[in-house]
1. Looking at the stretch 10-21 only, could you name the residues that are more than 17 Å from residue 114 (Cβ to Cβ) and surrounded by 17 or more Cβ atoms within 10 Å (Cβ to Cβ)?
2. Inspect the stretch 25-35 for any residue being in contact with a Pro (Cβ under 8 Å, 6 or more places away or on another chain), under 19 Å from residue 135 (Cα atoms) and either at pLDDT below 95 or β-branched (Val, Ile, Thr) (or both) and give the result as yes or no.
3. Just one of (1) closer than 16 Å to residue 18 by Cα; (2) without any contact (Cβ under 8 Å) to a residue 24 or more places away in the chain trips up residue 105, so point out which.
4. Restricting the first residue to the stretch 3-28 and requiring it to be under 13 Å from residue 156 (Cα atoms) and of a type in the set (D, E, K, R), which pairs with a second residue that is modelled with pLDDT of 95 or more and crowded, with 23+ Cβ neighbours inside 10 Å meet a Cβ separation below 6 Å and a spacing of at least six or different chains?
5. Just for strands (runs of 3 or more DSSP E) wholly inside the stretch 37-145: which have at least 1 residues that are touching a helix residue (DSSP H, G or I) at 6+ places or on another chain (Cβ under 8 Å) and surrounded by fewer than 22 Cβ atoms within 10 Å (Cβ to Cβ)?
6. Looking at 66, 34, 24, 62, can you tell me which residue is within 14 Å of the chain's Cα centre (by Cα) and closer than 16 Å to residue 141 by Cβ?
7. Looking at the stretch 22-36 only, could you name the residues that are outside any helix (DSSP H, G or I) and exposed (fewer than 13 other Cβ atoms within 10 Å of the Cβ)?
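The values are calculated or read from the model by the stated rules, or taken from the named source; none is laboratory data. Just so it is clear, the model here is predicted, and its values are computed rather than measured. For neighbour counting, all protein chains shown are included, and Cβ atoms are generated from backbone atoms with ideal geometry for every residue, glycine included.
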Amino acid sequence: MKIETLLKFRDVKFFLFDLEGVLLHNGASSEKCLSSIAAACRTLNELGCNFGIVTARDDDELIKSLKSIDGCHVLSGSVAKVSMTDLFLKSRSVDYKHVFYMGDELLDIPLLQKCGLSCAPKHARREVKRVVSFISSSEKCEELLMEIINHYKKSKEPAGRATQH
């Protein structure tokens, strides 16, 4: 990972993810994904950060389950992801420069371009990969979340150690 990208992780206060195609990919088990999301929420909360999902998916049982996870902010039910996120961040006084977002589809591009740090999974559309800060090497929900958390932790290491890896 480029040092410039790693340094951007230091400023992140909010980690946002698309649901379908990013956290839920290739028929992944929603139960296993829910467990991984709950663990990521706890870890990020302990690190002083927040976790959220931005999805066009309407409220259903999965969305209700996500909303019941402590520390998981769910923005759902609209393809207007930027507008939804604008209102949410404004209500929390968070600037986009402190936001990480991972998306995989054309619908995600406007939000990816607004965030201080953006990422796409390796299976994302080519158009999406062209606009992000970096491309994740992971595909499964639990691996993807751990990869991002590990990058964040690495960014917080003393400057000399973070740049040597």
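1. Passing the criteria: 19, 21.
2. Within the stretch 25-35 (the criterion being in contact with a Pro (Cβ under 8 Å, 6 or more places away or on another chain), under 19 Å from residue 135 (Cα atoms) and either at pLDDT below 95 or β-branched (Val, Ile, Thr) (or both)), the answer is yes, since at least one residue qualifies.
3. (2)
4. Filtered contacts from the stretch 3-28: 8/117.
5. Where strands (runs of 3 or more DSSP E) fall fully within the stretch 37-145 and carry at least 1 residues being touching a helix residue (DSSP H, G or I) at 6+ places or on another chain (Cβ under 8 Å) and surrounded by fewer than 22 Cβ atoms within 10 Å (Cβ to Cβ), they are 50-54, 72-75.
6. Exactly one residue qualifies, and that residue is 24.
7. Of everything in the stretch 22-36, those that are outside any helix (DSSP H, G or I) and exposed (fewer than 13 other Cβ atoms within 10 Å of the Cβ) turn out to be 26, 27, 29.
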